[in-house]
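Shown next, in structure tokens, is the structure this report addresses.
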Amino acid sequence: MDAFRILPMTQTKSLPQQGLVIFAKNKDLVSDFYQKALGLQIQESEKTHDLLVSQCHEVVVHAISKAYAKSIEISSPPAPREETPLKPTFVVADLEVVRAAAKATGGHLKPLKQAWRFRGFIVLDGWDPEGNIVQFKMIDPAASK
């Protein structure tokens, strides 16, 4: 049962609190998106993967095999892959920073008029350069008034 115990805060202060592994056809492009959108730094970069980290996040962008990648078509601009049952969510300081990162790397963030307010956050969906749906949320300044 020790494998399932929650670590005390003193043991987790230097560990990322959220993690995600993303399999990508174009590892470098997808890695660039998450670096810019979330302010992550490359901690490790190999031919097969990039490990991106911050104090709160750890994202591994893993290259899929070339044989499998040949069978995957990604349109330009990428179509959102809405059929997936998972949608990672990240708290960010500014949705416009995410929008700029998406624009610079071939991803997308929906217009601000499509955002919704929920539990003190402004929430907005987008997708990375390969169409993987991602949700971003920032603290709603109006919620503290």
- Query: What's the local net charge at residue 46, with K and R +1, D and E -1, over the other residues with C-beta under 15 Å away?
  - Reply: -1
- Message: Which of 110, 87, 70 has the fewest other C-beta atoms within 10 Å, and how do the rest follow up to the most?
- Response: 70, 87, 110
- Item | Computed label-point distance, nm, for sites residue 112 and residue 79 using a 7 Å Cα→Cβ extension | 3.1 nm
- More than 25 angstrom apart: percent of Cα pairs within the chain: 33 percent
- Query: So, in nm, how far is label residue 96 from label residue 140 when the simple model puts each one 7 Å beyond its Cα toward the Cβ?
  - Reply: 2.0 nm
- For the chain, set up a Gaussian network in which alpha carbons nearer than 10 Å are linked by springs, and say which option among 24, 101, 115 fluctuates the most. 115
- Query: For segment 2-144, what is the relative contact order in percent, using Cα pairs closer than 8 Å and at least 6 residues apart in sequence?
  - Reply: 23 percent
- Task: Please give every one of the lysines within straight-line cross-link reach of residue 103, meaning a C-alpha to C-alpha distance under 16 Å, and leave out same-chain neighbours fewer than 8 residues apart.
- Result: 36
- Query: Whose amide H sits under 5 Å from the amide H of residue 23, counting only residues 5 or more places off or on another chain, with H placed in the peptide plane?
  - Reply: 62
- In the chain, what percentage of the DSSP-assigned beta bridges are antiparallel, given to the nearest 5? 70 percent
- Message: Could you give each residue of segment 117-127 its phi-based ³J(HN,Hα) in whole Hz, using Karplus coefficients 6.51, -1.76, 1.60 with θ = phi - 60°, and x for Gly or Pro?
- Response: 9, 8, 6, x, 10, 9, 10, 8, 8, x, 8
- In the structure displayed, which of 27/110; 27/47; 25/47; 27/66 lie more than 18 Å apart, Cα to Cα? 27/110
- Computed label-point distance, nm, for sites residue 47 and residue 119 using a 7 Å Cα→Cβ extension: 4.3 nm
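Laboratory data are not the source of any read-out in this text; all were calculated from the coordinates shown. As the structure is a computational prediction, the values presented were derived from the model and not from experiment. Here the Cβ is made from the backbone with ideal geometry for all residues, glycine too, and neighbour counts use every protein chain on show.
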